[in-house]
Each structure stands twice: as structure tokens, then as C-alpha cells.
Amino acid sequence: MSLDETAQPTDPLDSSADTDSSADTDLDAELATVVEADSEWWRTAVIYQIYPRSFADSDGDGIGDLPGITRRLDSLADLGVDAVWLSPFYTSPQKDAGYDVADYCDVDPLFGTLADFDALRAKATALGLRVIVDIVPNHSSSAHPWFQAALEAGPGSVERSHYLFRDGRGSNGELPPNNWKSVFGGDAWSRVTEADGTPGQWYLHLFDSSQPDFDWTSEWVREQFLGVLRFWLDRGVDGFRVDVAHGMIKKAGLPDYTPPADGGSMGGGQNEGETPPYWAQDGVHEIYRSWRKVLDSYPGERILVAEAWVEPLAKLANWVRPDEMQQAFNFSYLESGWSASSIRRVIDASIEVFSSVGAPSTWVLSNHDVVRHASRLALTADNPQGAGIGPKSKGLPDRAIGLARARAASAVMLALPGSAYLYQGEELGLPEAIDLPDEARQDPTWFRTRGERYGRDGCRVPLPWEAASPAFGFNTTGESWLPQPADWGAYARDTETGDPSSTLELYRLALDTRSRLALGSGSVEWLSGYGPEVVAFRNGDVTVIANTGAIPVELPVAEELLSTVPLDGAALPSDATVWLRS
Ligand code: NOJ
């Protein structure tokens, strides 16, 4: 596939033809959609995260793959999303589910081939879906030839300068070079054995020991990644989700740092007012400026989205200045919980800080690193991000409450201006898989903390497609790399399709209404008089009311566009959201 064939923006006339079929299409909104299709599509896009190993499995080995995704892409076009983001499918020993890359420019045989990627890209284009891929620049796999060459070349070599090798402390170098801890638990340093068989230098790994950090002060490293960007841009991708986009530069001298005790998050924990020496260093920005220049040299609108666990939001806005990335995940929103005051506060802050640099706000409630929001929003005990939940966790959620809140929270999110990210399965209302057997768990967090933290497997269980098929239609053999809960037939796509009370139909209606009424390019005007436990705002013609409290909320008389619960009279019950038009 040549770049010329794939680089064209979606034909705006095609997308308008789709919306034309709806009887009540508003002409202004339709025109807005056509203009957006041509320019800066990402400002309002709804982007669906595909976690390849758990989406759809074409060869029956129990691990999802690219041909499986291609076959099921229609269902995402049908859902009404604008783009997909694929988590890593590159060559990898899979020590961290593919975030340990051994070849940035090839597909792991587990997932298929480059030709399979091209086929996926072509099908997505035909369906009007853009494709964003992951790039993992903070670290490679220890199996990467660059790291293997560094091991072989020995201390002081150019090859070692591509990674963060240091001599140890102590009289014989037996102590790690500093006190940094891995995000996944344990020390952030491992010691190598040199070619002569003696214990040698240490290398830094902010994540698993199989994920050595690059030294981004190396020009050579920078050049390699410009090449990786070009490789995928040439294959027609619409952008990159940048892994650990706050971590690539470390403070000179690698000084000791002790984060707060609950610092289990991807941000690694941050003391009030302090910037950890391994996160959010100013030097990362010049890297993204150079990347942006490469993206802008390609036709169409190719984007960078930062996975940067940076607080406060005002600081995160630095990642999306006009010459850097277009978007950053809004993890403050993800972490705002089911509390009206927090939600209002984060919405206000997000719109203010992102628009101050000309960027759209993003919104996200779930991804492959956090407890699914259909469970998280009903937890009754603290659960630091990354810790996960399992059978012995405290404060386990009530499933019905979690689902009601998730539906209500998603309905708030999808009414907001800006760009929203969905994580596969949330449109089915999938809960976290809590009861995974210990022996099935695969997250390095589980192993590195010796089971103290369950980790992220519970949000990564393969999707249910058809209630009555093997592995609920994930494949035809019934194999599944993580066991699917026996009751997941109730969440299968075919069970939910056509059922107006299902979460799938709720998402379809929300996405269709969002697009028809151009909510993504609207604004938020807060409505007063609803009380502290209510989120109430107008976006264009749409009034959105969400009740996070226990007392029913009286609703104005208006046309109901969408409700997350059947409305019985003029009151909105607890844990529910309604969209009205007057
Ligand atoms: C963030 C990714 O989302 C997560 O899954 C991964 O483990 C770490 N970065 C390390 O790459």
C-alpha cells in the first residue's frame, strides 16, 4: 500500500451521505461535520482504543490479532466512532503485553504480519475510520538488538550510551546507582553480568527489568525514533499515542527521590510541589517539537497524543502547545470519580488550560491500565491506579451500582466538547474481571509485587461478541489468554444489539446524537439551581443533567434525547444522566 493511497482524509461527502439518512438531521450540524472531516478532525473525534490481544482472535490461539480486528472493524464503524487507536502489536517477547518492543517496525507473529496491518488500515479507510498506533519511546525490550548490542559492547561503549547504564554504588558497585523504584514494584535498576562473567554495571528500567530505559540525550536514539515515525507514517497511520510521554528525559545526575507511599501510579507518585527526577522534565518538549515537524511534513492531519501522567492540568497543557502534540490524555478527568463537584472542577480546569494553548480537551474514563469504570466508580475503598482489584481487595464494587454510574459518567463525557477516548468493552458495560485465578495473571505488577498488587489483567480480558459461541465469539476454539467470566454472555455484543436498554445501544445513541448536534465542537455553559451533587450544563441545544447524589432531581419539561435509565415521571434518580432538548 502506498502512502498516496492511504493518506487522503475521509471523503467528506461520504460521511455527509451517512448522516443524510437520518430524518431529523440538522443542516448546520451537518455542515459543521463536513468541515471538520476536512480539517483538524482530532479536535472533536471519538477515538476507540483497541487492545489487540483481547479484541478478536482469527487463528484461535487465544490471543487476539490484526486479522481478527479487521474482520470486526465494521462493528466500530457501526458504533459511530471516528478513529481507532491500536495498543502495540510490534515484535515483542510480551513481558508487558507488547509495551516491551523488540522491533519497532514489524508486527509480532502473534498478531500477524505487516501485510495484515496494511489490510486493517485499508479496511479502516474504507469504513471512514482513522488509525492511530502506539509508539513506545521511553524503553525498548531487553531483547531488542540495540540493548543486546549494548550488553555485548561493554562499559564505556557507544552502544551502552543508548541506554542508561551506570556503575553501582558501594565498594564493589553492589548497590544500585540510586534509590528509584519501578512503577511495577521493586527496584528500577538491574545489574548485568559482563562478558568476563563478573557482576557489572546496572541499567535503569522505570518499568519491568525487561524494559530498559533509553538515554534520550543520545542523538542516535533520537534519529532512530524519527525513522520509526516515518516508517508508520509512510504506511498511512493518522497518528501516534506516545507511551510514557512524560518520562523520556531524566534529571541530570539521576538524583535520589522518594515518592509518597501510595505512589503506585503510572506517574510513579509525586510529592506536592515536587517534580520527580524521572517524570515531566522540561527536556521532553524539544523531542516532541522535532516529532511534530515530521508529522506536519506529511499530507493530512497526523496527530500525537501524550500518555503523560502529569499533574496539575496546567502543567500537562505544556505537552499540547501549538508546536508539540495535538492531544494529551486527560487522566485528571479519569480520576475525578463519581462526584459532581470533582467532575465540574476538572471540566472547568480542562477547558481553561487546554484552550489557553489552543488545544482541545480530551476526556477518558477507561483504558488498559486502570480498573474499568463500570467497577471503579463503585469502589468503596481507595485503589491507587495500577494496583487493580482482585478477590481479596477491600471495598469491592456493587455491580449494578457500578454499571449505572458508568453509563451515567459516559453520558456526561460524550456530551462534552473536545475529543473522547473509549476503551474496548466499555460500550458493552463490561465490569472488571475480579475473580481471575492467581495462576492466570500476567501483569508484571503482580509478579514484581509478589501478589501484593493485582495489577491490570482484570481490565484486559478478551471481549464477548456472541453469547452462544466458544469464548463468546472472541474466536472459534474457545481459547482465551485470560479466562472470561462465565456470565459475560449477558454483555456480548449480540445480546445487547437492538436492546434499547443495553449499554451498547446507549453508546450508539450518544455517539449519533453527539455527531448530529456537533457537541464535540460546542461549549459548556453551567446551569445553576441543581444542587451540589448534580452536574448540569448546556452544550448548544442540549441540556445535560447528571445526578451523582441520592436525592432525585426534578427535571425541566423538555424533549428527552437520551437517558441512562428509564425515566418515570419528571425526576432523575440517583446515578443517572439525561440529555434534553428544549
Ligand atoms: C503505559 C502503558 O499504557 C502501560 O500499559 C505500560 O505498561 C507502560 N506504559 C510501560 O510501557
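Taking every residue in the range 191-214 that is under 20 Å from residue 277 (Cβ atoms) and pairing it with any residue that is away from the ligand (no atom under 16 Å from the Cβ) and in a loop (DSSP other than H, G, I, E, B), at least 6 positions away or on another chain, the pairs with Cβ-Cβ distances below 6 Å are 201/155; 201/167; 202/168; 202/176; 202/177.
Would it be correct to say that residue 300 is modelled with pLDDT of 95 or more and in a loop (DSSP other than H, G, I, E, B)? In short, yes.
Residue selection: residue 452 satisfies the criterion of being more than 16 Å from the ligand (Cβ to nearest atom) and either of a type in the set (Val, Ile, Thr) or farther than 30 Å from residue 355 by Cα (or both). The requirement of being surrounded by fewer than 22 Cβ atoms within 10 Å (Cβ to Cβ) and either hydroxyl-bearing (Ser, Thr, Tyr) or under 22 Å from residue 422 (Cα atoms) (or both) is satisfied by residue 523. Exactly one residue out of 308, 314 is within 16 Å of the ligand (Cβ to nearest atom) and either surrounded by fewer than 16 Cβ atoms within 10 Å (Cβ to Cβ) or in a loop (DSSP other than H, G, I, E, B) (or both), and it is 308.
Residue-wise test of (1) modelled with pLDDT of 95 or more; (2) surrounded by 15 or more Cβ atoms within 10 Å (Cβ to Cβ); (3) not assigned by TED's automatic domain parsing to the domain that holds residue 482.
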site: 106; (1), (2), (3): yes, yes, no
site: 110; (1), (2), (3): yes, yes, no
site: 118; (1), (2), (3): yes, yes, no
site: 131; (1), (2), (3): yes, yes, no
site: 134; (1), (2), (3): yes, yes, no
site: 150; (1), (2), (3): yes, yes, yes
site: 170; (1), (2), (3): yes, no, yes
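Filtering the range 484-515 to residues that are of a type in the set (A, V, I, L, M) and either surrounded by 15 or more Cβ atoms within 10 Å (Cβ to Cβ) or touching a residue at least 40 places away in the same chain (Cβ under 8 Å) (or both) leaves 492, 504, 506, 509, 510, 511.
Answer yes if at least one residue in the range 438-446 is hydrophobic (A, V, I, L, M, F, W, C), surrounded by fewer than 16 Cβ atoms within 10 Å (Cβ to Cβ), part of a helix (DSSP H, G or I) and in contact (Cβ under 8 Å) with a residue 40 or more places away in the chain, and no otherwise. Within the range 438-446 (the criterion being hydrophobic (A, V, I, L, M, F, W, C), surrounded by fewer than 16 Cβ atoms within 10 Å (Cβ to Cβ), part of a helix (DSSP H, G or I) and in contact (Cβ under 8 Å) with a residue 40 or more places away in the chain), the answer is yes, since at least one residue qualifies.
With respect to the conditions (1) acidic (Asp, Glu); (2) within 24 Å of residue 483 (Cβ to Cβ); (3) crowded, with 21+ Cβ neighbours inside 10 Å, residue 82 falls short on a single one, namely (2). Every condition in (1) in a helix (DSSP H, G or I); (2) surrounded by fewer than 18 Cβ atoms within 10 Å (Cβ to Cβ); (3) of a type outside the set (S, T, N, Q) holds for residue 403 except the one numbered (2). Entry remark, the range 155-188: residues being in contact with a Leu (Cβ under 6 Å, 6 or more places away or on another chain) and closer than 20 Å to residue 221 by Cβ number 2 in total. The residue list 419, 361, 375 contains one member that is in contact with a Lys or Arg (Cβ under 7 Å, 6 or more places away or on another chain), crowded, with 24+ Cβ neighbours inside 10 Å and of a type in the set (S, T, N, Q), which is 419. Residues that are under 29 Å from the mean Cα position of the chain (by Cα) and not assigned by TED's automatic domain parsing to the domain that holds residue 290 occur in the range 173-180; there is at least one. Which residue is nearest to residue 499 (Cα to Cα), if the candidates are limited to the range 556-573 and must be more than 31 Å from the chain's Cα centre (by Cα) and of a type in the set (Gly, Ala, Ser)? Only one residue fits best here, namely 569. Report whether or not residue 280 is touching a residue at least 40 places away in the same chain (Cβ under 8 Å) and crowded, with 21+ Cβ neighbours inside 10 Å. Answer is no for this residue.
Per this entry, residue 422 is counted among residues that are within 16 Å of the ligand (Cβ to nearest atom) and farther than 27 Å from residue 259 by Cβ. I need the full set of residues from the range 462-482 which are surrounded by 15 or more Cβ atoms within 10 Å (Cβ to Cβ) and of a type outside the set (Gly, Ala, Ser), in order please. Hits for the range 462-482 are 462, 463, 464, 465, 466, 472, 474, 475, 479, 481, 482.
Could you tell me whether residue 360 is away from the ligand (no atom under 16 Å from the Cβ), closer than 22 Å to residue 316 by Cβ and either in a loop (DSSP other than H, G, I, E, B) or at pLDDT below 95 (or both)? Don't jump to the end; show me each part of the working.
Details: away from the ligand (no atom under 16 Å from the Cβ): yes; closer than 22 Å to residue 316 by Cβ: yes; either in a loop (DSSP other than H, G, I, E, B) or at pLDDT below 95 (or both): yes.
Yes.
The values are calculated or read from the model by the stated rules, or taken from the named source; none is laboratory data. Note that the coordinates shown come from a computational prediction; the quantities given were computed from them, not determined experimentally. For neighbour counting, all protein chains shown are included, and Cβ atoms are generated from backbone atoms with ideal geometry for every residue, glycine included.
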